[in-house]
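Notes to accompany the following structure.
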Amino acid sequence: MSIELKKQVIDILKILQEKDIEIEASKLADELNVDYIVLMSAINDLIDNNLGGFREEEMYQVSLSQEGLTYLEKGLPERQILQILLKNEIKEINLDDLRAEAKLDENLFYVGISNLKKNKWVTQSKATGENKIFLIAEEFPETQLEKFLKKFESNEIVDYSILSKEELMQFDVLNKRKLMNKVRKTQRIIYLTKKGKSIPISEIQELKQVSKITSEMLSSGTWKKYNLKPFDVTKPGPLLKAGKIHPLVNLINEIREIFLSMGFIEIRGPIIESAFYNFDALFQPQDHPARELQDTFYLNNPKVAKLPEKDRVLAVKKTHENGGDSGSIGWGYEWDENIAKKTVLRPHTTATTMRRLAQFYRNNEKVPVKVFCVDRVFRNEKLDKSHLAEFTQVEGIVIDDNVTLCDLIGLLSEFYRKMGFKKIVTRPGFFPYTEPSMEVSVYYDKLDEWLEMGGSGIFRPEVTYPWGIKEPTRVLAWGQGLERIAMLYYDRTDIRDFYINPIKWLREQSYLK
Ligand code: PHE
């Protein structure tokens, strides 16, 4: 019957035939540049065909210990001490002075001195009344010990059994000085049988490689004979196209957690909003440019919004006309209820914040109140790489007594720190409803840049008084767009991607946050 072997096994057999010697398995694996396990499985195939085998042998390996390695670099202590004498051209020196000079550990120093004496390079005498070391030799050739040490350069591991008699003596000296390691290992020696040595390679047939094992191969046992195509476990498996949470929603949830961890409660409000909560309650005059069609989407259906209780509407009207009881002189024009009744697609979440102030008034609530809103807003913007007409705002407010700009900056720092930005700066800004107002920028280390994040401030009395929020109670507020941050988080250069949803990119996103 002809012999069938895998290609790899035939190659190994060929090499063993050519070498015609027994060889240690890991050495052979190195030579063939194959994994040890692959080699041993090939040897098993040789064994199955009675062509070869292996024998186990115990052996010792020796190498330098950690201390030994440092001497390889710096020289043995005796060489180090000698170096000091030679460098400073010292012929005689007080033992203690030499020790101070050598800066060696006490034990090592005496080991060094004793070896210097053994080498007959120095002598020690107390004849002068002092304990002195005298340099007596002229030449200081490399010692046998040093030569032996060099054998282990580049962290060599040496087979103990190949050490010469002379070398064994050096080994014992170094081993006693704890400079060597000696470990027992089991080696596998690979050999060929008589049949293996003599069989002509041409008589052996090569087994074909298969990538799949069939049930027939399994039941008949022939699978063992086939050369299986290697399976690469580092290659990714097939892509699973399952539904997952959208990256933007993941980020929103992260922001929710940040606010919740800071003791804030989430609020939400209608997307279809009245101009009243959106502009009038925020003390934006009715002819303010931000109200205009080019910025805000007005609705035809529904065309008219319900306004809150009459007296609150009146309070807002008064602040616009003459400041009401807020201490302001107002805008000095006649406020028109019909303009306030117009309906808009909410252009900022501050409208929702205003509804929360109204609720605070109605329920006669106690401070502090800490709420946030992460929600969709709409603006009449031309779409491009960095502008959307429909996006998300993140907004937080604190209603409390005697809170100041310092508290606001503290909150902002904490909020942005939790978002992953370690440094923030604030600059004076302007919003019709806050005084003072601040622009907030954060430091983005990945780009080494300061990025503008959004606005913040303390609501003006004109905004808070109609809802009964009066000194010393104040409202701290801040808000920003979300998608700009999302672009940084997800490394997108086009803001529209979050709504156009490039499927390839979404598929690359992880399932979990
Ligand atoms: N509403 C502002 C905007 O849309 C942000 C802001 C919120 C500013 C709260 C100050 C206070 O940009």
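Can you give the direction-averaged projected area of the convex hull of the alpha-carbon atoms in region 1-84, in nm²?
8.7
Would you mind working out the magnitude of the charge dipole of region 249-508 relative to its Cα centre, with +1 at each Lys and Arg C-beta and -1 at each Asp and Glu C-beta, to the nearest 20 Debye?
I would put it at about 580 debye.
Show me 228-235, 107-114 ranked by packing, highest mean number of other Cβ atoms within 10 Å first.
107-114, 228-235
On C-alpha positions alone, give me the angle between the axis of helix 7-19 and the longest principal axis of the chain, in degrees, nearest 10.
The two axes meet at around 30 degrees.
Rounded to the nearest 500, what is the 222 nm mean residue ellipticity of the chain from helices alone, with -39500 (n - 2.57) per DSSP H run of 4+ residues and division by all residues?
So the calculated ellipticity at 222 nm is -10500 deg cm²/dmol.
Show me the ranking of peptides 59-71, 237-249, 384-396 by mean Cβ neighbours inside 10 Å, starting with the highest.
Highest to lowest by the protection proxy: 384-396, 59-71, 237-249.
Please report, in whole Å, how far the alpha carbons of region 367-513 spread along each principal axis, starting with the longest.
Computed over region 367-513, the largest-to-smallest principal extents equal 54, 32, 29 Å.
Considering the alpha-carbon set of region 249-508 alone, what are its Rg and its Dmax in angstrom?
18.5, 58
What percentage of the solvent-accessible surface of the chain, computed with a 1.4 Å probe over protein heavy atoms, is contributed by carbon and sulfur atoms?
With neighbouring chains kept in place, the figure for the chain is 52 percent.
Pick out, from I258, L51, L408, the residue whose Cα sits farthest towards the positive end of the charge dipole of the chain, with +1 on the Cβ of Lys and Arg and -1 on the Cβ of Asp and Glu.
After comparing all options, I get L51.
log10 I(q)/I(0), Debye, Cα-only region 66-171, no solvent, q = 0.18 Å⁻¹?
Values returned for q = 0.18 Å⁻¹ are -0.91.
What spacing in nm lies between the two simple spin-label points modelled at N253 and K423, each 7 Å away from Cα in the Cβ direction?
With each label placed 7 Å out from Cα toward Cβ, I get 3.4 nm.
Taking 41 Å as R0, compute the FRET efficiency from the Cβ-Cβ separation of K208 and A242 and round it to 0.05.
0.60
Using the Cα centre of region 1-77 as the reference point, and only Cβ charges (+1 on K/R, -1 on D/E), how large is the resulting charge dipole? Debye, rounded to the nearest 20.
Here region 1-77 has a charge dipole of around 160 debye.
Between W450 and D96, what is the label-point separation in nm under the 7 Å Cα-to-beta-carbon projection?
Between D96 and W450, the simple spin-label model gives 6.4 nm.
Treat each spin label as a single point 7 Å out from the Cα along the C-beta direction, and report the E365 to E292 distance in nm.
Spacing of the two 7 Å Cα→Cβ label points: 3.6 nm.
On a C-alpha basis, how far is the centre of region 484-513 from the centre of region 26-62 in Å? Whole number, if you could?
52
Can you tell me which of 272-279, 187-194, 90-97 comes out highest on packing, and rank the rest after it, using the mean Cβ neighbours within 10 Å?
The peptides rank, most packed first, as 272-279, 187-194, 90-97.
Let me have the relative contact order for the chain, percent, based on Cα pairs under 8 Å that are six or more residues apart.
13
Pull up the cross-link candidates among the lysines for K318, meaning alpha carbon to alpha carbon under 20 Å and not fewer than 8 places away within one chain.
Once the sequence-local lysines are set aside, what remains near K318 is K306, K310, K341, K342, K470.
Just to confirm, what accessible area per residue do you get for region 66-171 at 1.4 Å probe, in whole Å²?
63
What does the net charge come to around K7 if you take all other residues with beta carbon closer than 10 Å to its beta carbon, with K and R at +1 and D and E at -1?
After counting each charged neighbour, the total is 0.
Could you bin all the Cα-Cα distances of the chain into 20 Å bins starting at 0 and give me the percent of pairs in each, rounded to whole numbers?
Computed distribution, short to long bins: 16, 24, 15, 23, 19, 3.
Just how far, in whole angstrom, is region 212-271 from region 366-440 if you go by their alpha carbon centroids?
Result: 36 Å between the Cα centres.
Mind pulling the angle between the C-alpha long axis of helix 36-48 and the longest principal axis of the chain? Nearest 10 degrees, somewhere in 0 to 90.
60
Treating the angle as unsigned and between 0 and 90°, give the value, to the nearest 10°, between the Cα long axis of helix 310-322 and the longest Cα principal axis of the chain.
Helix 310-322 and the main axis of the chain meet at about 90 degrees.
Report, in debye and to the nearest 20, how large the dipole of the chain comes out about its Cα centre when Lys and Arg carry +1 and Asp and Glu carry -1 on their Cβ.
1300
List the aspartates and glutamates whose Cα sits under 18 Å from the Cα of K19, skipping any in the same chain fewer than 8 residues away.
Qualifying aspartates and glutamates at Cα under 18 Å: D11, D30, E31.
Find the relative contact order for region 66-171 and round it to a whole percent, using C-alpha pairs within less than 8 Å whose residues are 6+ positions apart.
With pairs under 8 Å counted, the relative contact order is 25 percent.
The values are calculated or read from the model by the stated rules, or taken from the named source; none is laboratory data. Please read all numbers here as calculations on a predicted model, not as lab measurements. Heads up, the Cβs are rebuilt from the backbone with ideal geometry, glycines too, and the neighbour counts pull from every protein chain shown. Note: accessible area is taken over every heavy atom of the protein model, side chains too, but ligands, DNA and RNA are not part of it. Shrake-Rupley method; radii C 1.70, N 1.55, O 1.52, S 1.80 Å.
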